[in-house]
Structure formats: C-alpha cells, structure tokens
Amino acid sequence: MAGSRIRTQPDPCPLALAAGEVLSEAGIGPASRVCVALSGGVDSVVLLHLLLQMRSEFGYSLSAAHVHHGLSPHADQWRAFCERLCAALALPFEAFMVEIDRDDPAGLEAAARHARQAALNTVAADWLALGHHRDDQAETVLFRLLRGAGVRGAAAMKRVDAGKEGAPGRIRPLLGVARADIVAFARASGLSWVDDESNADPGFSRNFLRHRIMPAIGEAFPGAAATLARAADNFREADALLDALADIDRAHCGGDALDYEALMGLDDARLANLLRNMAMRLDVRPPSRVRLVEVMRQLRESGGRPLSVSVGEVACRVYRGRVRLERIDITDLAPARWSGETRLPWGSGSVRFDRVTGAGIGLTVLETAAAVELVAPWAGLALRPASGRPRQRFKKLCQAHGIPSWLRTRLPVLRAGERALWIAELGVSADHRCQPGEPGIVPVWET
C-alpha cells in the first residue's frame, strides 16, 4: 500500500489571531481608516507590520503617525527612523511636533501623555491603533490601584474604545499579548526598532513599577501580569454594572434634572455612583472621592435650598427642588453685533434667529434701530413681560421664571440702544412684539 503524505498548514500567528479579534470587535472593514501610533519602539513597529500583513484580509487603509516630544536628544533620530520605515513599507506617514510643559503640576509623564493624545486626536483616521500589551495593562492596573483608583480606573485600558466626536477611536490589538511574545516576533521577523532610554529611568513612576516592582511580584507570583490583566476585565464588568445602576437611579430621580427628595432617598454609595456617572456624561473627569463626599454633605444639609458647588469642571446645583450637574462655562461673553445673521455665537453655544410671521420681535423694530447687539445682562436691566403690565426688573423676572442665580449673568440679551428687545428664557419685550401678520424674528438660545 502506497504511503500518503499529509500536508499540514503552519500554525496561525498568535499575535495575528489576537489582533484579528480586536479588529473584528471594532467592526473594522474596507471602509475603515486605521492609523498606527508609531513611536519606533518594538511594540508599535510589530503592530505596524502585523496590521500591514492583515490589511488584505480586513480591507482597511493603513497609515502611521509619530509624535516628536523633544524630550530626548535622540528624538530627531526616532522620527527619521519612523519616516524611513513607512517609506520602505509604502505607507502614509505624519509627524507631530509638540511642546511639553516641564513644570506641569501633574508631572512630566502626564504632560507628555496629554500632549501626545491631543496631537493624535487630530489624525485623519477612524481608528488609532496603539501598541499597548498585556504587561502594560498589568502595570496600569497596579499603578492606578496604588493611586487609589475606583472600579472604573482599575479597569485600565480597553481593547476597543469608541472615539469621541471629532477624534478617532482607539484600538489596542496586542493588549492580550505578552511583551516577551512581541519581542520574539520582532526578532524572528528580523525587524529593527529604536529604544527610548527614558524607559529605563526608575525616576519615572511607571518605570519603577516596570523594572523594580513587577519583577519582584513575578518571582513570588508567577503569571502575575496575566492575572492583573484579567482583573482589569473583572473591574470593567463591575463598572458596567455600576453604570447600569446609575441609569436606573437617574430615571427614578427624574432624569437630568433630578428630583431632590428622590435623590436624597439614595444611600451614599448609590448617590456617589450617580453623581460620578452624570459627570462622565458631561465628558469631564469624575470628581475625587474627597470632593464628592463634600458635595454630598452639602447636598444633604441644603434641605433643597438653592446651592451651587463646584466639582472640578462641573457644578452641582440645586434650585426649586431640582438637582443638576452642569459644565462650568468660563467662555467670555463678548458682545456681538446683529445685522440680519441667522445665528450668532454666545459663550459655548449660540443664538439662532428664526424668521416667522406674527410672532417674536417686529422686523421693522430691528431694521429701524441704530444698532442691535447681543450682550450680557447689565445693571438696571428691565423688560415688560406683557402688554398693560409694568416693566419688571431682571432679577424679579428671573425669580418668577425659576432661573437659577448662577445662570442669570450668562443669559444673552438682544439690545437696541438701551432697550432690551429679548432676554433668553424670559421672552420678547411686549413693547417690541410684532403684530399679527407682521414679519418677525424669534431668537432661540442653544446651549
């Protein structure tokens, strides 16, 4: 009997399998634009080659971007290396020069990270591919726990992180891969890369963990990196449950404008969780626990009376039995001349001018006025709310309409000379309303 030869296929590359799972999870396909954040180090170089090999399978377009921090004397060489590498691979390449604030109170590491993220947010891509691996994830979990992070912080990095408006999403195709496997792949593939000498400096907190603490932990607890990375997944599940609980409590308390009595019915843990969640909905950093405890104390002691407490970039405000978290608007309110525009900027929002018939400010009033401006409220501001009624001062009108004191100074006012034609939230002056059938303008404040 003649022997038969069995043909075997080579085992698929574990790194490619791991990366493929992440690409599939992100829904990346032929219409997707992927940009690799290329530092020149072994992790990003391996990632670039992997994604280049997998491009035909998924059909995405591929490019690379490099951030030049200027912190190392070798920074120019690293940029040149990345540029040559992309030229050899026939890939589009973009380099960013950033300036780092060496006196940043958050530290040099944080300042460099923020500058890098800001630059990479501008790349023309749908997804930014980062070379973080399993060892990075383990270090991040440990680092954040040592800083007192909660469940969300301890969840560390996501494999897929949808982008914010105007910025690419983040994917980390190698997040489940050990760094040793990445280096082994690079050597077996004959790849070249650069080494950042600052990565060996134990004066940086992350490097101290990487070179001093993690090896010691690994000796006592083999597989610690994999265990810590797995813990991040557990923390992420818990964080999702906390978000779901916050949604339930938010709906129970009335939505964005929370009912004070219902809110005070929550215990401290659920109240803190809801306030954190609402802060994150505003796309700001959640308040520290110390600050959050103080806010909750003031909320409970207020008894529902008017209150405004700043919490980092947002303020927790109580007015007429309702509690809101609002982003603190520090935008200058510069006067704006109106000359028939359909929209004028106001702070972080704008005022829209709708042309209607039989409502709003009479168009003839606007056309015959010497100057019409959008301005902030001024001392002595008053407006007649209805025909046959006396003019009322701005403060009294705000009180009657339930306008919180912290909002009043930011309300846009349309003025002709010293006459208020319209005040946002309060309406059009009865002295300047158009007649039935007459063309008019209705201002609408959009925040």
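List the aspartates and glutamates whose alpha-carbon lies under 14 Å from that of Lys396, not counting same-chain residues fewer than 8 positions away?
Glu425
State the antiparallel share, in %, of DSSP beta bridges confined to the chain, rounding to the nearest 5. Mind showing how you got there, number by number?
On the way: 44 of 60 bridges.
If we restrict to bridges inside the chain, about 75 percent are antiparallel.
Considering only protein heavy atoms and a probe of 1.4 Å, how much of the accessible area of the range 339-447 is carbon and sulfur, as a whole percent?
50
So how much slack lies between Glu109 and Asp247, counting 0.36 nm per residue of separation and subtracting their Cα-Cα distance, in nm?
On the way: separation 138, 0.36 × 138 = 49.68 nm, distance 3.49 nm.
Length difference between fully extended and current span is 46.2 nm.
If amide H atoms are built 1.01 Å from N in the plane of the peptide, which residues on other chains or at least 5 residues away come under 5 Å of the amide H of Trp338?
Val372, Glu373, Leu374
Amide H of Ser308: which non-local residues (sequence gap of 5 or more, or other chain) have their own amide H closer than 5 Å, using H built in the peptide plane?
Val318
Rg and Dmax of the range 222-276, Cα atoms, in Å?
According to the Cα coordinates of the range 222-276, Rg and Dmax are 15.6, 52 Å.
Determine the calculated [θ] at 222 nm for the chain from helices alone, applying -39500 (n - 2.57) to every DSSP H run no shorter than 4 residues and normalising by the residue count; nearest 500 deg cm²/dmol.
Numbers: 16 runs with 175 residues, N = 447.
The helix contribution divided over the chain gives -12000 deg cm²/dmol.
Output ³J(HN,Hα) for the range 345-352: one whole-Hz value per residue in order, computed from phi by the Karplus curve 6.51 cos²θ - 1.76 cosθ + 1.60 with θ = phi - 60°, and x for Gly and Pro.
x, 8, x, 8, x, 7, 10, 9
Relative contact order of the chain: what whole-number percent is it, with Cα pairs under 8 angstrom and at least 6 residues apart? Walk me through the numbers on the way to the answer.
On the way: 711 pairs, mean separation 47.4, N = 447.
Answer for the chain is 11 percent.
Working out 0.36 nm times the residue gap between Ala359 and Arg327, then minus their Cα-Cα distance, what length gain in nm do you get to one decimal? Mind showing how you got there, number by number?
On the way: separation 32, 0.36 × 32 = 11.52 nm, distance 3.25 nm.
My answer for the length gained is 8.3 nm.
Measuring with a 1.4 Å probe in the full set of protein chains, what accessible area per residue, in whole Å², belongs to the chain? Intermediate results must be reported in sequence, preceding the final value.
On the way: 23860 Å² over 447 residues.
The answer is 53 Å² per residue.
For Thr342, what accessible area in Å² do you get when you roll a 1.4 Å probe over the heavy atoms of the protein chains, rounding to the nearest 10?
The accessible area of Thr342 comes to roughly 100 Å².
May I ask you to derive the relative contact order of the range 195-319, considering only C-alpha pairs under 8 Å and at least 6 residues apart, and to give it as an integer percent?
Values: 79 pairs, mean separation 16.4, N = 125.
Worked out over the range 195-319, it gives 13 percent.
Over the heavy atoms of Asp267, what accessible area does a 1.4 Å probe trace out, to the nearest 10 Å²?
Asp267 has an accessible surface of roughly 80 Å² with all protein chains in place.
Which order do Glu373, Glu261 take when ranked by solvent-accessible area (1.4 Å probe, heavy atoms of all protein chains), largest first? Could the numbers behind the result be given before it?
On the way: Glu373 60, Glu261 125 Å².
So, going from the largest accessible area down, we get Glu261, Glu373.
With a 1.4 Å probe and all protein chains left in place, how much of the accessible area of the range 73-182 comes from carbon and sulfur atoms, in whole percent? Before the final figure, lay out each step's value.
Working: 2810 of 5790 Å².
Roughly 49 percent, rounded to a whole number.
Can you give me the solvent accessible area of His252 with a 1.4 Å probe, rounded to the nearest 10 Å²?
Rounded to the nearest 10, that gives 130 Å².
Under 5 Å between amide hydrogens, which residues at least 5 positions from His68 or on another chain qualify, with H placed 1.01 Å from N in the peptide plane?
Phe96, Met97, Val98
Determine the relative contact order of the range 247-361: mean sequence separation of Cα pairs under 8 Å and six or more apart, normalised by residue count, in whole percent. Each step should come with its number before you reach the end.
On the way: 131 pairs, mean separation 21.3, N = 115.
Averaging sequence separation for qualifying contacts and normalising by length gives 19 percent for the range 247-361.
The values are calculated or read from the model by the stated rules, or taken from the named source; none is laboratory data. The structure presented is a predicted model; accordingly, all values stated were derived computationally and were not measured. Protein only, heavy atoms only, side chains kept; ligands, DNA and RNA dropped before computing areas. Shrake-Rupley method; radii C 1.70, N 1.55, O 1.52, S 1.80 Å.
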